[in-house]
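J.: Mind having a look at this structure? Questions to follow.
The values are calculated or read from the model by the stated rules, or taken from the named source; none is laboratory data. As the structure is a computational prediction, the values presented were derived from the model and not from experiment. Cβ atoms come from the backbone with ideal geometry, glycine included; neighbour counts cover every protein chain shown. Just the protein is used for accessible areas: all its heavy atoms, side chains included, with ligands, DNA and RNA removed. Shrake-Rupley method; radii C 1.70, N 1.55, O 1.52, S 1.80 Å.
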Amino acid sequence: MRSVLAAFLLIASPAPGGEAFVTNQGSNTVSIVDLERAEVVATVPVTGRPAGVTVAPDDFVYVTRPEDKKVSVLDPQSRKTVSEIALGSGPLGIAANPVTGDVYVADWNEDVIFVLSDRRLAATIAVGNSPSGLAVTPDGRRLLSADRDSHQVSVIELRSGEVVGTVPVGIRPFGVTIDAAGRLAYTANVGSNDVSVIGLATLEVIATVKVGERPYAVALAQGRAFVTNSYGDSVSVFDTATRQPVGLLDTGEYPEGIMASRDGSRIYVANWFSNTLSIVDSASLEVLAEVEVGDGPRAFGSFLLE
């Protein structure tokens with residue numbers, strides 16, 4: 001009955017096109033999911049317990065491999081790894097610059113951000129302890145690093161490569177997301193079960209929103225914030241203007257990676273323990289489909305190619 005309902009909803013509410021690249025840490029693979037058909041269309045082997053992922057402006061997909069101490073570059077057309085970059089001792093979070101195409105990699109063990117230009121190491125930037133999630137402002141000028149064990153966000157001016165500020169947030173921030181206007185950033189604070197809202201003009205926390213247990217990441221769509229609660233097997237939803245709760249979605253077990261479609265109509269959630277990708281209508285908050293992917297999906301980062 002659920003599959004019939006999911007199919008009906010997907011037809012009744014047209015799905016965005018494109019693909020999701022879901023890193024599966026347990027099976028050492030990346031599942032490529034057709035978003036319109038809501039099914040896996042290819043599986044790419046990637047060793048080293050892949051976790052972080054980002055799609056660069058040239059559409060190549062970068063995947064962090066913490067145990068191999070490498071970053072893989074996948075060609076979405078051939079479905080193959082076309083390059084491997086040895087990097088640090090614990091690469092995890094990753095983000096691409098929408099303007100320059102540079103790629104930034106957070107090393108969990110070495111407390112640095114590596115800057116990749118043309119798939120080569122171009123610079124190293126020291127930040128706080130255990131950097132995890134990364135996000136670049138839409139104008140490509142600044143990079144934010146959620147420094148989990150320093151309970152802060154480092155703000156990096158990319159032209160100079162310097163840290164120009166640090167913002168104390170909640171306890172153990174993991175994912176960080178910037179809004180489309182480049183005015184606000186949101187950190188999911190694993191240790192304090194809340195989201196810090198940062199004003200990027202002043203580099204200050206302007207609000208703190210309570211969410212579920214062990215939040216990992218935030219997606220933004222339809223004037224709402226969607227937060228994966230890893231221990232709550234749920235997604236908290238709150239209004240970004242009023243910062244009041246809108247709803248609580250039951251998803252798969254231990255959700256982590258989350259991202260909104262480009263048009264904001266869909267939210268995609270990787271459920272680490274139940275091995276699924278949930279597809280959610282961002283307006284109605286209906287779960288439209290559950291796609292079976294590999295073992296231990298994390299999809300930590302920007303994993304949609306639309």
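J.: So, in the stretch 63-93, of the ones that are open to solvent by less than 10 Å² (accessible area, probe 1.4 Å) and within 15 Å of the chain's Cα centre (by Cα), which residue ends up farthest from G257 (Cα to Cα)?
T.: By that ranking, first place goes to P91.
J.: Examine the stretch 245-263 for a residue that is open to solvent by 10 Å² or more (accessible area, probe 1.4 Å), out of contact with any Leu (no Cβ under 8 Å at 6 or more places or on another chain), farther than 17 Å from A146 by Cα and in contact (Cβ under 8 Å) with a residue 60 or more places away in the chain, and state whether such a residue exists.
T.: yes
J.: So which residues in the stretch 278-293 are crowded, with 21+ Cβ neighbours inside 10 Å and part of a loop (DSSP other than H, G, I, E, B)?
T.: Hits for the stretch 278-293 are S282, V293.
J.: Search the stretch 286-303 for residues that are farther than 21 Å from L248 by Cβ and pair each with any residue that is open to solvent by less than 30 Å² (accessible area, probe 1.4 Å) and of a type in the set (D, E) when their beta-carbon atoms are under 7 Å apart and the residues are at least 6 apart or on different chains.
T.: R298/E256; F300/E256
J.: From L200, L304, grab the single residue that is closer than 23 Å to V44 by Cβ, at pLDDT 95 or above and open to solvent by 10 Å² or more (accessible area, probe 1.4 Å).
T.: Being closer than 23 Å to V44 by Cβ, at pLDDT 95 or above and open to solvent by 10 Å² or more (accessible area, probe 1.4 Å) holds for just one of L200, L304, which is L304.
J.: Which residues, counting only those in the stretch 149-169, are farther than 21 Å from V103 by Cβ and either crowded, with 20+ Cβ neighbours inside 10 Å or within 18 Å of the chain's Cα centre (by Cα) (or both)?
T.: Answer for the stretch 149-169, where residues must be farther than 21 Å from V103 by Cβ and either crowded, with 20+ Cβ neighbours inside 10 Å or within 18 Å of the chain's Cα centre (by Cα) (or both): S150, H151, Q152, V167, V169.
J.: Out of curiosity, is I267 in contact (Cβ under 8 Å) with a residue 60 or more places away in the chain, on the phi < 0 side of the Ramachandran plot and either under 17 Å from the mean Cα position of the chain (by Cα) or open to solvent by 10 Å² or more (accessible area, probe 1.4 Å) (or both)?
T.: No, not satisfied.
Residue by residue, here is whether (1) part of a helix (DSSP H, G or I); (2) modelled with pLDDT of 95 or more; (3) surrounded by fewer than 13 Cβ atoms within 10 Å (Cβ to Cβ) holds:
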residue: V4; (1), (2), (3): yes, no, yes
residue: L10; (1), (2), (3): yes, no, no
residue: F21; (1), (2), (3): no, yes, no
residue: S27; (1), (2), (3): no, yes, no
residue: V40; (1), (2), (3): no, yes, no
residue: V44; (1), (2), (3): no, yes, no
residue: R49; (1), (2), (3): no, yes, no
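J.: Quick one: count up the residues across the stretch 98-141 that are β-branched (V, I, T) and in contact (Cβ under 8 Å) with a residue 60 or more places away in the chain.
T.: Selection size over the stretch 98-141: 1.
J.: Only residues that are in a loop (DSSP other than H, G, I, E, B), open to solvent by 10 Å² or more (accessible area, probe 1.4 Å) and not basic (K, R): list them for the stretch 94-123, please.
T.: Matches in the stretch 94-123: P98, V99, T100, G101, D102, W108, N109, E110, D111, D118.
J.: Go through the stretch 130-148 and give me each residue that's under 17 Å from P215 (Cβ atoms) and open to solvent by 60 Å² or more (accessible area, probe 1.4 Å).
T.: Passing the criteria: none in range.
J.: Among residues belonging to the stretch 119-144 that are hydroxyl-bearing (S, T, Y) and farther than 11 Å from I178 by Cα, point out the one that is farthest from the chain's Cα centre (by Cα).
T.: Filtering the stretch 119-144 for residues that are hydroxyl-bearing (S, T, Y) and farther than 11 Å from I178 by Cα, the one farthest from the chain's Cα centre (by Cα) comes out as T124.
J.: Could you run through the stretch 51-62 and say how many residues are closer than 12 Å to F303 by Cα, assigned to a loop (DSSP other than H, G, I, E, B) and open to solvent by 10 Å² or more (accessible area, probe 1.4 Å)?
T.: So the count comes out to 2.
J.: Further question on the same structure: With respect to V205, determine if the residue is in contact (Cβ under 8 Å) with a residue 24 or more places away in the chain and closer than 19 Å to A96 by Cβ.
T.: Here the answer is no, as V205 does not meet what is asked.
J.: Being surrounded by fewer than 20 Cβ atoms within 10 Å (Cβ to Cβ), touching a residue at least 12 places away in the same chain (Cβ under 8 Å), among the polar types (S, T, N, Q) and more than 23 Å from V136 (Cα to Cα) is true for just one of S274, S230. Which residue is that?
T.: S274
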